[in-house]
Each structure stands twice: as C-alpha cells, then as structure tokens.
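The values are calculated or read from the model by the stated rules, or taken from the named source; none is laboratory data. Just so it is clear, the structure is predicted and the values come from calculations on it, not from any experiment. All Cβ positions, even for glycine, are placed from backbone atoms using ideal geometry, and neighbour counts span all protein chains on display. These accessible areas exclude ligands, DNA and RNA; they are computed on the full protein's heavy atoms, side chains included. Shrake-Rupley method; radii C 1.70, N 1.55, O 1.52, S 1.80 Å.
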Amino acid sequence: MTHPSDGPTIRRVGMFGGAFDPPHGAHRSLAEAAIAQLNLDALHVLPTGQAWHKTRPLTDAVHRVAMCRLAFGDLPRVRIDEREIHRQGPSYTADTLAELRREHPQAELFLVLGADQLLAFRQWVRWQEVVSLATLAVAARARSIGAQALDAPVEEADLSGVDLPFVPLTMPLNPVSATAVRARLAAVGPDAASLDVLVPAPVASYISQNHLYQTPT
Ligand code: ATP
C-alpha cells in the first residue's frame, strides 16, 4: 500500500498488530507511546485476519476495523491498515513486515507489542525474519491477561529473562485485556458504567449500538 504522503520524510515506520477484539484503552496508550517515543512518521495499525495463535473465532473483521478507526483514527500518523484482513490464509507478521520493507525501503521499521507477546516471541512463525526486519518496541504488561485480568492484583510481567534485543516503551501499567472486556460485557451488558473506562468512548458506543460481545467467548 503506497501512501500519497510517502517519500523521503517517511523514515521511521511502526507496525502495531492485534486482534483488536475490541481495541481498548491500553492499545490506544501503546499506540500513542510508540508514536511519541519512537518518533514515528507512520504507525500502521493492523487488525489481524486469521490469527494463527488464537483458537477462538474472532469478531467479524468489519466490526474490528470499524472499532480500530474509532479507537485510533484521530491519532496523528496512524494508518489503519486492512491488508491482513484481505490476505488469504493466516496473518503472519513476517509477511507484513516484508511488505512494509518493500514499501518503505529507506525506513527503519519498528514492531510495537506488549510484554506478553515478547515472552511468547520465539513461538511466532518465522520470528527470526521478524527480528531481522524490525526493532522490537515493547510495553510492560500485567502478568494476568485473561478474563479475570481486571480483578487480579496487578503484577508486572518479568522480562528479565528475555534474551532478544528490544526497546522499552514507557506507559502506565494498565491491566485491561480484550478478553476481560468481553467477559465483563457478557456478564453485565453493554451499559456497564465502567465500559468507557476500559475502551475509548466511541468504541463503547459502537459496541452498544451493534450489540457486540453479548455472549461469553
Ligand atoms: P485478547 O485478550 O483478546 O487476547 P489483548 O487484550 O491481548 O487481546 P490483542 O489485540 O491481542 O489484545 O493485542 C495487540 C497488542 O497489544 C499485543 O502486542 C499485546 O501485547 C498488546 N497489549 C494488549 N493489551 C495490553 C496492555 N494492557 N498493556 C500493554 N500491551 C497490551
């Protein structure tokens, strides 16, 4: 995907992939931290097509893309990038980074991710290609990331044993996970007073209007 504003000014490009099912407040903080701290000229936000590492079926991509536009669309330098949705077969970061490399041959590439993904990184398909294409930029995350994440004591995941090079991103530790948001919605419904705290307000409205996440996943 070539962008009209591409040119010599695009020197630092970030990739931020996820299921974004739904996008939540920590996703937005992570995108903001990455743009500011990595001094990015562009951040590609990529809702995944088929997530090779997630076993549950994801919410229809149309909704996840729409929610990403609501969650990130107002951030300067963000590009909501639908290529993984339209690609046949599972979404692999190595393929996407190789495409970004071709589109931005002069740019330095960064892969933006949370600590849980760094800890699982050697299970990623073709992870060696990923690290050869991009610098990993990693935000701290709580150890508990499942359905109970919002109720558990917040302890930071320990990255001291990681023997891969990465750049740390600084943002407040936020225990939210999409799994916990879905669990809360299924339990108490879309009018939960706390929903606006967990996801950006326009995403909360979208979830409510489209009756998403009404059953446990
Ligand atoms: P799910 O609970 O459905 O597995 P999730 O909340 O982990 O979802 P993803 O869409 O899988 O969200 O995550 C996309 C990226 O955002 C990943 O790199 C993940 O590590 C990071 N991320 C998600 N939540 C947080 C958080 N609370 N703090 C820091 N990074 C996060």
Practice problem: Determine the pairs where a residue that is closer than 23 Å to I35 by Cβ and of a type in the set (S, T, N, Q), located within the range 73-100, has a partner that is in a loop (DSSP other than H, G, I, E, B) and open to solvent by less than 30 Å² (accessible area, probe 1.4 Å) with Cβ atoms under 9 Å apart, the partner being 6 or more residues away or on another chain. | Solution: S91/T48; S91/G49; T93/A134; T96/D81
Quiz item: Any idea which of P190, P172, P202, P153 is within 20 Å of T59 (Cβ to Cβ) and either at pLDDT below 90 or in a loop (DSSP other than H, G, I, E, B) (or both)?
Solution: P190
Quiz item: With (1) open to solvent by 70 Å² or more (accessible area, probe 1.4 Å); (2) in contact with a strand residue (DSSP E or B) (Cβ under 8 Å, 6 or more places away or on another chain) as the list, and R102 as the residue in question, which single condition is left unmet?
Solution: (2)
Practice problem: Say whether the condition of being open to solvent by 50 Å² or more (accessible area, probe 1.4 Å), within 19 Å of A149 (Cβ to Cβ), touching a helix residue (DSSP H, G or I) at 6+ places or on another chain (Cβ under 8 Å) and aliphatic (A, V, I, L, M) is met by at least one residue in the range 197-213. | Solution: yes
Exercise. Might you let me know whether the range 158-165 holds any residue that is within 18 Å of the chain's Cα centre (by Cα) and either in a loop (DSSP other than H, G, I, E, B) or loosely packed, with under 13 Cβ neighbours inside 10 Å (or both)?
Key: no
Quiz item: Looking at the range 34-51, which of its residues are open to solvent by less than 10 Å² (accessible area, probe 1.4 Å) and among the hydrophobic types (A, V, I, L, M, F, W, C)?
Solution: A34, L38, L40, A42, L43, V45, L46
Quiz prompt | Test: residue in the range 127-134 that is surrounded by fewer than 20 Cβ atoms within 10 Å (Cβ to Cβ) and either in contact (Cβ under 8 Å) with a residue 60 or more places away in the chain or touching a strand residue (DSSP E or B) at 6+ places or on another chain (Cβ under 7 Å) (or both) | solution = yes
Quiz item: List pairs: first in the range 171-185 and within 6 Å of the ligand (Cβ to nearest atom), second open to solvent by less than 50 Å² (accessible area, probe 1.4 Å) and in a helix (DSSP H, G or I), Cβ under 7 Å, 6+ apart or cross-chain?
Solution: N174/G25; N174/A26; N174/S29; V176/G25; V176/A26; V176/L198
Quiz item: Applying the selection to the range 59-92, what residues are in a loop (DSSP other than H, G, I, E, B), in contact with a strand residue (DSSP E or B) (Cβ under 8 Å, 6 or more places away or on another chain) and open to solvent by 40 Å² or more (accessible area, probe 1.4 Å)?
Solution: G73, R77, E82
Self-check item: Number of positions in the range 168-188 that are of a type in the set (V, I, T) and loosely packed, with under 14 Cβ neighbours inside 10 Å
Solution: 2
Quiz item: Restricting attention to the range 44-68, which residues are under 25 Å from E32 (Cα atoms), within 15 Å of the ligand (Cβ to nearest atom) and either without any contact (Cβ under 8 Å) to a residue 12 or more places away in the chain or of a type in the set (K, R) (or both)?
Solution: R64
